[in-house]
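Following: one structure in structure tokens, then a few remarks.
The values are calculated or read from the model by the stated rules, or taken from the named source; none is laboratory data. No experiment lies behind these values; they were computed from the predicted model shown. A quick note on method: Cβ atoms are made from the backbone with ideal geometry, for glycine too, and the neighbour counts reach across all protein chains shown. Each accessible area value is taken on the protein alone, full model and side chains, heavy atoms only, with ligands, DNA and RNA left out. Shrake-Rupley method; radii C 1.70, N 1.55, O 1.52, S 1.80 Å.
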Amino acid sequence: MPKWSMVIDLDKCVACQGCSIACRMENNTPVVSPAESALGRLMLWNDVFPLQAEEHGAIASAQAKFLTRPCMHCEDPPCVKVCPVEATYQDEEGIVRQNYARCIGCRFCTVACPYGVRYFNWYAPAWDEGLERHLNPDRVSGDGDLEGPAIRPKGVVEKCTYCIHRLHKARERAAAEEREFRPDEYVPACVQTCTGKARFFGDLDDPNSTVSQLAQSRRAFRLLEEAGTHPKTIYLHEG
Amino acid sequence: MRREKTFHPPNDNEATVLAPLRGVTVRDQTLWIVLLALLGMGVAAWVYQFVNGLGVTGMNRPVYWGVYLTNFVFFIGLAHSGTFISAILRLAGAEWRKPLTRAAEAITLFSLPFGVASIIIDMGRPERLLNMIIYGRFQSPLLWDFTAVSLYLFSSVVFFYLSLLPDIALCRDRLTEVPRWQRKMYRILALGWEGRPEQYHRLERVLDGMAIFMSLLVITVHTVVSWVFGMTIQPGWHTTIIGPFFLLGAIFSGTSAVVIVLAILRRVYDLKDALPIRLFNSLRKLLIVFSLGWIYMMIAEYLSVFYGNIPEEMEVFWQKLTGDYAVIFWLMTILVFVIPLLIFIFRGKDSIGWMVTAAVLVNIGMWMERYVVIIPTETRPRLLYELLRGAYAPTWIEWTITVSLFAGLILLYAVFTRFFPIVPLWETAESLEAESEMDKARERIFKFGAKFGSGFKQKSGD
Ligand code: SF4
Ligand code: SF4
């Protein structure tokens, strides 16, 4: 059973925010008005932040630094622990899932996630004129289950799912073609689109996969390692 | 026919205490209508929020929790008045508490529903509330809360009702001129109480037993409420002191609320004899202890954070002491601690006016304290606190709902006091027939308390 993981090489990231846009189109994240956005209600499952320049002695580093941030898909996720109804949970392949059909909107997970990657639907989702014709029809749904790009009702929490619907589709394709599913048949939209080819995706349990090789790199680090969440989204330092 | 034989322990204050029950005045009705209107506005605001989404509040990312959670913690805290006074002091055998037990317990009973309501109001999808039962997972502190608070509500109702029982029977037998439906209500609620010695005996035993359980519950409930915050790893919340600190704050604000309520009841219902001034003096001593305890907790918490100097903790720390929340933080300290303590020590003795002033300040301050515990942490999230600076300003929807919750609490209280005696007549009677029996029973159950309590009684008899 694969354990999905993403590696982001900050050396290669050009901060174009292509991943953010690809994610938005792929996952139908609602568009919010500038006024709402100023309130802090912008939704970007995968956000790109400018980082503060570090000071070395008297000299501030001239180089601008950026950080792109999807969900960390923590191995020990604080968000999952606190959910009272198991609307967010970790599946056997390590993906932290979010079920819109069950979430009661208590927002406990949003305050518990130390990375701020969870977004709440303050209003019913809306799209600008024309955009709603380009919504991704993919969804993961079942009995009492609604996930992925499916249109969320208002009042529930959503977040990066490593494009769980792509995994489902890849599996279904393999099944239809009556062959075994290979872990390299599936990547999230941000990985596929990344301009600088800075993102890698794959099975962390496979010693030959790119991600597990890169995770060995001396440049590898994880965000807030001290928080004990054991992220599976791994970064490679610049330089 | 059994009713003829019903024994009611003689009580000098019976006439005064029952007087407010003999008729509802126009003033009452006006008050009720005003409160109902406020409550109605809250309901309308909530419906508006339900239809449009939580976007109508000021909450955002990263301040996902705001005034509603503050109200939740505050109301549950207020509820601790009653159980503290009637259960913990009952176990300690503090006899002085007797006249004010019911007034205090009523605060518990009537503020709990509004605590529960606050949680439901805060939910993005309140219609999925049942998911908490269907899919409930006990890893979540929210489910601990859910369980603890429902248990608390349930046992408070039982505890309250049991101690009310002999007095309902008294109403049934004495208030013969009230409207028919009211007499019928007393008859049904009295459950055929006859006041036989063994009934009193049994009642006392049950109340003593329940008091033990309730005391444990009171500690659990507010600790669990704090754990909703404390169990996350957010800076400013993740401390081991948060449980005891919340608990102390709860009992502090609850006991202050009792002072306010007593003063109002005394004035409005003319209960000067039934609620003597020495009650205020006893409460004053408790309140001095609580305010000192509060500052002790404050120092213990903030000094260790400051000394440890962990970057993400310091962000929240400075946010409170000198940042966006500095005004409310220092105002809170003055309102909860500085002014009330000075009043309690230098002015409070024998002065109801001063005691009420201090108690009101404490409660305003405690609400602010809950706010200051919850919000600043959220404005400085752990990751990238340099970038993701949150801010929060509640909207009029949130304020309307908050006001209506308080109006609802006052409404329930006001209505209740017009139909049931707010001073427990049987508990304050000069002698129950079963008095000696009762003491023996108490001694059996709670040996230490009975002895310790008798000492306490003498000392607090001023
Ligand atoms: S990054 Fe946040 S949302 Fe994602 S798994 Fe970790 S705790 Fe959960
Ligand atoms: S907001 Fe939804 S997913 Fe998050 S903890 Fe509450 S029920 Fe679970």
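Numbers for the structure displayed
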item: Any chance B:Asn71 is within 14 Å of another protein chain (Cβ to nearest Cβ) and either open to solvent by less than 10 Å² (accessible area, probe 1.4 Å) or under 27 Å from the mean Cα position of the chain (by Cα) (or both); result: no
item: Helices (runs of 4 or more DSSP H) contained in region B:257-358 and holding at least 1 residues closer than 30 Å to B:Arg27 by Cα; result: B:278-308
item: Filter result for A:Val157 (within 21 Å of the chain's Cα centre (by Cα), within 16 Å of ligand 2 (Cβ to nearest atom) and surrounded by 17 or more Cβ atoms within 10 Å (Cβ to Cβ)); result: yes
item: Verdict on A:Cys163 being more than 30 Å from B:Arg389 (Cβ to Cβ) and within 15 Å of ligand 1 (Cβ to nearest atom); result: yes
item: Flag if B:Thr240 is part of a loop (DSSP other than H, G, I, E, B) and open to solvent by 30 Å² or more (accessible area, probe 1.4 Å); result: yes
item: Of the criteria (1) in a loop (DSSP other than H, G, I, E, B); (2) among the charged types (D, E, K, R); (3) within 11 Å of chain B (Cβ to nearest Cβ), which one A:Glu36 fails; result: (1)
item: From the options B:Ser215, B:Ser253, residue that is surrounded by 24 or more Cβ atoms within 10 Å (Cβ to Cβ) and of a type outside the set (Lys, Arg); result: B:Ser253
item: Residue within region A:124-140 that is within 15 Å of ligand 2 (Cβ to nearest atom) and touching a Lys or Arg at 6+ places or on another chain (Cβ under 7 Å) present; result: no
item: Checklist (1) away from ligand 2 (no atom under 16 Å from the Cβ); (2) surrounded by 22 or more Cβ atoms within 10 Å (Cβ to Cβ) applied to A:Glu180, failing item; result: (2)
item: Odd one out for A:Thr88, checked against (1) away from ligand 2 (no atom under 13 Å from the Cβ); (2) within 29 Å of A:Glu172 (Cα to Cα); result: (1)
item: Out of B:Pro20, B:Pro10, sole residue that is in a loop (DSSP other than H, G, I, E, B) and more than 14 Å from chain A (Cβ to nearest Cβ); result: B:Pro10
item: Residue ID - surrounded by the fewest Cβ atoms within 10 Å (Cβ to Cβ), chosen from residues in region A:91-109 that are more than 8 Å from ligand 2 (Cβ to nearest atom) and of a type in the set (A, V, I, L, M, F, W, C); result: A:Ala101
item: Listing of strands (runs of 3 or more DSSP E) fully contained in region A:104-223 that carry 3 or more residues being more than 14 Å from chain B (Cβ to nearest Cβ); result: A:140-142, A:199-203
